[in-house]
Amino acid sequence: MGELSLRLVGAILIYFATAVRFYYEKRTKVRAVESVRHLRIARGAATLSSWTWFALLIFLPIPGFVPVNGLPFARAAVVPLQIVGLVILATSVALFYWCHRALGEFWFGEPGLKAGHELIRVGPYRWIRHPMYTSFFTGYVGALLLLQSWPFLIPILFAPGFYVMSRVEEEILEQRFPDAYARYRAEAGRFLPKLS
């Protein structure tokens, strides 16, 4: 894939994801926040991880701003890895949209609860307890393989913040929905579906 094609494809996907985030962020403001648990370090790491990824992809169309094709992959592997990366990145953006659609007004950027909070078990939440984080993890890998750019290693370094946030979110949901969440945890995986 040529450099211009890589830049355009990456930018189109992230602009779509950004539009999704802004739309649902505005939509969720209609439901008041009931409680929130601030996790400065974990939230900071997760925010740094996701916003670095967003920023790199948003500025991708500017030639020379974000380097591409700079990782030392074998020449024969470059195009196959780009194709795999494109599929993974597109899938992660689709999953990101699906997560927001399933959560609706209950999406919240920090561990906490909204007024009248419900345990969401539709869409990707049927199989995975934290599929939005999965969308980020897969998006990081997809962008790295598609663009073969070392700056895309930065979001991966800070991704453990999402793991910490997922643990706190689970504590909050276990307290609110003790029996239902115990069943949910037995049926759905944390970041990937359970195999049986």
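No lab work stands behind these numbers, since they all come straight from the coordinates. These figures come from a predicted structure and were not determined experimentally. We place every Cβ from the backbone using ideal geometry, glycine too, and count neighbours over all the protein chains shown.
Remind me, relative contact order of segment 3-187 in percent, using alpha carbon pairs under 8 angstrom and six or more residues apart?
Taking the mean separation of contacting Cα pairs over the length of segment 3-187, I get 35 percent.
Once all Cα-Cα distances of segment 3-187 are split into 5 Å bins that start at 0, what whole-number percent is in each one?
Whole-percent P(r) values from 0 Å outward: 1, 8, 15, 19, 19, 14, 10, 7, 4, 2, 0.
Looking at the chain as a GNM with Cα springs under 10 Å, which of 85, 161, 109 has the largest mean-square fluctuation?
109
Explain nothing, just the number: dipole magnitude of segment 3-187 about its Cα centre with +1 on each Lys and Arg Cβ and -1 on each Asp and Glu Cβ, in debye rounded to the nearest 20.
180
Determine, for 53, 98, the number of other Cβ atoms within 10 Å of each Cβ, and report the residues in order from fewest to most.
Working: 53 24, 98 18.
Arranged by neighbour count, lowest to highest, 53, 98 become 98, 53.
Work out how much length residue 15 to residue 195 would gain on full extension: take 0.36 nm times their residue separation and subtract the Cα-Cα distance, in nm to one decimal.
Additional length available on full extension: 61.5 nm.
Based on the Cβ-Cβ distance of residue 59 and residue 187, what FRET efficiency does E = 1/(1 + (r/R0)^6) give at R0 = 45 Å, to the nearest 0.05?
After rounding to 0.05, the efficiency reads 0.65.
Could you calculate the FRET efficiency of residue 84 with residue 121 from 1/(1 + (r/R0)^6), where r is the beta carbon distance between them and R0 is 30 Å, rounded to 0.05? Show your work: numbers first, answer last.
Numbers: r = 31 Å, r/R0 = 1.03.
Using R0 = 30 Å, I get an efficiency of 0.45.
Would you work out which of 135, 64, 97 lies farthest towards the positive end of the dipole of segment 3-187? Charges go on Cβ: Lys and Arg +1, Asp and Glu -1.
Positive-most Cα among the choices belongs to 97.
222 nm [θ] for the chain, helices only, -39500 (n - 2.57) per DSSP H run of 4+, per residue, to 500?
Roughly -21000 deg cm²/dmol at 222 nm, from the helical runs in the chain.
Mind giving me the FRET efficiency for residue 36 and residue 5? R0 is 41 Å, r the Cβ-Cβ distance, nearest 0.05 is fine.
Efficiency at R0 = 41 Å is approximately 0.45.
Rounded to the nearest Å, what's the spacing between the alpha carbon centres of segment 112-158 and segment 1-61? Just the number, please.
Cα centroid to Cα centroid, the span is 10 Å.
Which of the chymotrypsin sites (Phe, Trp or Tyr not before Pro) found in segment 117-196 are loop residues per DSSP with 10 or fewer other Cβ atoms within 10 Å of their Cβ? Present the calculation step by step, with values, prior to reporting the outcome.
Details: sites: 125, 127, 133, 136, 137, 140, 152, 158, 162, 163, 181, 184, 191; in loops: 127, 191.
Hits after loop and neighbour filter: nothing returned.
Using Cα atoms only, what is the angle between the long axis of helix 160-176 and the major principal axis of the chain, expressed in degrees (0 to 90) to the nearest 10?
Long axis of 160-176 versus the principal axis of the chain: about 20 degrees.
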